[in-house]
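*Asks:* Please see the structure below; I have some questions.
Read-outs: derived from the displayed coordinates by stated rules, not from any lab. Nothing here was measured: the structure is a model prediction, and the numbers come from that model. Positions of Cβ are generated from backbone atoms using ideal geometry, with glycine treated the same way; all protein chains shown enter the neighbour counts.
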Amino acid sequence: MSPCFTGRAGCEKKNNKIITRQNELITQKNELLQSLVSEKEWLLKEVHHRVKNNLHTVICLLESQARHLESDALKAIENSKHRIYAMSLIHQKLYQSDDIKTIDMAAYIAELAQSLQDGFGTSNQIQFELNITPVNLDISHAIPLGLIINEAVTNSIKYAFPNNRKGEISILMINDGNRIKLELADNGIGMPEIDHEVEPESLGLRLMKGLSEDIDADISFKVINGTRISIIFKPDALNEPYNILKLSETGEALT
């Protein structure tokens, strides 16, 4: 019996060594994967940081050019600065966040609105009311929405309250689980009625309509006690950069 017992013990010892070795290999692979993920996240943060810095450089160049411009050309430069800042702030939020895949829209919208209020110097004339439910969006939705908010708020500040009339601009974003609604409203004099069969002459309106189409959103304009713009859309998970990467790597449909 001794030889048999010795053989069984030897097999068990050999099996334990194999299991231990397999566990060590799994641990090493997990550590390698975690290292690759961390490196990828660091690289993405660095990209967003550099994009933000590059956009800030463009803003500085526009400000330098604006010193030599007047009238319509100066207005065009100022509008471009606000649009670029709306995009730059997205990249800033991404590289500052632990979650580099999505944007906290409540924090982003609050900072964007404050920037516009400060930029136009209207804090004593126009009040902002924000009502943003917790919504995190990927960059493919956040940038178009940021630009839409910039256009709508800029138009309200510039045209809704003539002769230093006091007023209010409200920004609402609601997520009901299936769709997200963004509503931008003011209690100003109201914008001219829009003929939806004709291409708008205003660049801002054309941008808002085009950007809404980019995210498959429905956009509507109403003039009731001021101007009210509503954008309703359903985020598409496939638009998230990480999901696209995952899909391309696995070749499988996402669930």
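*Asks:* What residues of the stretch 157-178 lie in the reach of a label at N124, counting those whose backbone N is under 20 Å from a point 7 Å from the Cα along Cα→Cβ?
*Replies:* 157-169
*Asks:* Could I have the simple spin-label model distance between K158 and K29, label points 7 Å from Cα toward Cβ, reported in nm to one decimal?
*Replies:* So the two model labels end up 5.8 nm from each other.
*Asks:* Along each principal axis of its Cα atoms, how long is the stretch 73-134 end to end? Whole angstroms, biggest number first, please.
*Replies:* 38, 27, 14
*Asks:* Determine the sum of side-chain charges near T133: Lys and Arg each +1, Asp and Glu each -1, restricted to other residues whose C-beta is under 15 angstrom from that of T133.
*Replies:* In short, -2.
*Asks:* I need the calculated FRET efficiency for the pair R165 and S230, taking r as the beta carbon distance and R₀ as 30 Å, to the nearest 0.05.
*Replies:* 0.80
*Asks:* Could I ask something else about it? Give me the mean projected area, in nm² to one decimal, of the convex hull enclosing the Cα positions of the stretch 115-205.
*Replies:* 7.3
*Asks:* Right, another one. Scan the stretch 82-138 for trypsin sites (Lys or Arg not before Pro) in coil per DSSP, keeping those whose Cβ has at most 16 other Cβ atoms within 10 Å, and list them by number.
*Replies:* Here the trypsin sites (Lys or Arg not before Pro) that fit, given the DSSP loop and packing criteria, are K101.
*Asks:* Between G188 and residues 5 or more places away or on another chain, which pairs have amide H atoms under 5 Å apart, with H built 1.01 Å from N, and which residues are they?
*Replies:* T227
*Asks:* Order the peptides 72-78, 139-145 from the highest to the lowest mean number of other Cβ atoms within 10 Å of their residues.
*Replies:* Top to bottom by mean Cβ count within 10 Å: 139-145, 72-78.
*Asks:* What FRET efficiency comes out for D72 versus I174 if R0 is 30 angstrom and r is the Cβ-Cβ distance? Round to the nearest 0.05.
*Replies:* 0.20
*Asks:* Can you give the net charge of the other residues whose Cβ lies under 10 Å from the Cβ of L207, counting K and R as +1 and D and E as -1?
*Replies:* Spelling it out: positives minus negatives among the neighbours equals +2.
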